[in-house]
Amino acid sequence: MFSFKKEERLSSKKTIDFLFKKGHYLTEYPFKLIWIETKLSSKSPVQICISVPKKHQKSAVNRNLIKRRTKEAYRLNKATICDYFAKQNTQLAIMLIYQSNKILDYNDIKNKIIVILPRLIKEYEKNS
């Protein structure tokens, strides 16, 4: 339930390219979320990729820190979207992009993840 297994991580280059070409966008500062309903190679209802561009954070140490904090916040709050999409019998590919020049602390990142995940469900219902 609170794990973040390899099959829940989006790593397919084809799927990521398709996500950027045809995906739906959702923004909640400091994150931009790109998502698309697709058939994934794993049994997981949601696969996610977390990105912190070098454009915003020059230091690799800082990029990795932000990715660790974001992964942890997602891991603890993913139950809502995983349960929802498992019941819908659909699979989603998600790219979560950090877009701030500042390094936010874990609680701020967690609060933004808590806000953006239910918004994803609402956007999915609106587009379906």
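The values are calculated or read from the model by the stated rules, or taken from the named source; none is laboratory data. The model shown is predicted, which means the values in this text are computed figures rather than measured ones. Neighbour counts run over all protein chains shown; Cβ positions are idealised from the backbone, glycine included.
Below is a table of values for the structure above.
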item	result
Cβ pairs under 6 Å, 6+ apart, first in the range 109-120 and assigned to a helix (DSSP H, G or I), second exposed (fewer than 14 other Cβ atoms within 10 Å of the Cβ) and modelled with pLDDT under 95	L117/T80
Number of the exception - K102 against (1) among the basic types (K, R); (2) more than 23 Å from K39 (Cβ to Cβ); (3) crowded, with 17+ Cβ neighbours inside 10 Å	(3)
Residue satisfying condition, being closer than 19 Å to S42 by Cα, free of Cβ contacts under 8 Å to residues at least 60 places away in the same chain and not aliphatic (A, V, I, L, M), within set T90, T70	T90
Among (1) more than 22 Å from V115 (Cα to Cα); (2) surrounded by fewer than 17 Cβ atoms within 10 Å (Cβ to Cβ) - the single one H24 does not satisfy	(1)
Filtered residues of the range 28-66 (kept if without any contact (Cβ under 8 Å) to a residue 24 or more places away in the chain and not in a loop (DSSP other than H, G, I, E, B))	A60, V61, R63, N64
Residues located in the range 29-50, provided they are crowded, with 17+ Cβ neighbours inside 10 Å and more than 18 Å from C82 (Cα to Cα)	P30, F31
